[in-house]
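Worksheet: the structure to be examined is printed underneath.
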Amino acid sequence: MASTLKVLGSLWALQFTLCGLLVHSQNLSWREFMKQHHLSTNWAFSKYKCNDLMRERGIAKDKNYHIFIYTLWHKIERICLRNWRDRYRNVYIWAPDPFKILKCIRKNSKSSYKDYKSYSYIEFHCSMNGFVDVVEDMRLLEDIGN
């Protein structure tokens, strides 16, 4: 009886560990999205500059533009929430409120970027695991001091 409990306990612990690894691996695209696109509100929006961000974050140099979103992280996380216990999966969703956006557009020199700041509505893609993984589209609401 004791050996059966040990075996069942070991199997249960192994299953728990594997489930934890599965959940962690499913959020990698979410984490990568946040690393590449999220701007912390701990700094003033005006302090962020494209050339610095593109270099610091290691964004591919062959991209013509890149979008950064200035907001609290949980506002992006909640985009794919359907209700308190379920998430949208593999769908496109327009955020109900506009975000402050820093769009970095590559200049002709290919090594520097122009800052373009705005308030914009964003359409996000919710991945199969229910987290934002792509900025799909934007609608400009208002320019901010460009």
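The values are calculated or read from the model by the stated rules, or taken from the named source; none is laboratory data. Please read these numbers as outputs of a predicted model, since none were measured by experiment. Here Cβ is always computed from backbone atoms with ideal geometry, including for glycine, and neighbour counts include all displayed protein chains. For the accessible areas, the whole protein counts, side chains as well, though only heavy atoms, and no ligand, DNA or RNA atoms are used. Shrake-Rupley method; radii C 1.70, N 1.55, O 1.52, S 1.80 Å.
Tabulated data
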read-out	value
Residue in region 71-78 that is more than 15 Å from the chain's Cα centre (by Cα) and either over 16 Å from residue 118 (Cα atoms) or acidic (Asp, Glu) (or both) present	no
Matching entry among 126, 104 (being more than 18 Å from residue 65 (Cβ to Cβ) and not aromatic (Phe, Trp, Tyr))	126
Tally of residues being under 21 Å from residue 60 (Cα atoms), open to solvent by 50 Å² or more (accessible area, probe 1.4 Å) and touching a strand residue (DSSP E or B) at 6+ places or on another chain (Cβ under 7 Å) across region 107-137	6
Test result for residue 88, touching a residue at least 24 places away in the same chain (Cβ under 8 Å) and closer than 21 Å to residue 142 by Cα	no
Residue that is farthest from the chain's Cα centre (by Cα) [pool: residues in region 105-139 that are of a type in the set (A, V, I, L, M, F, W, C) and assigned to a strand (DSSP E or B)]	105
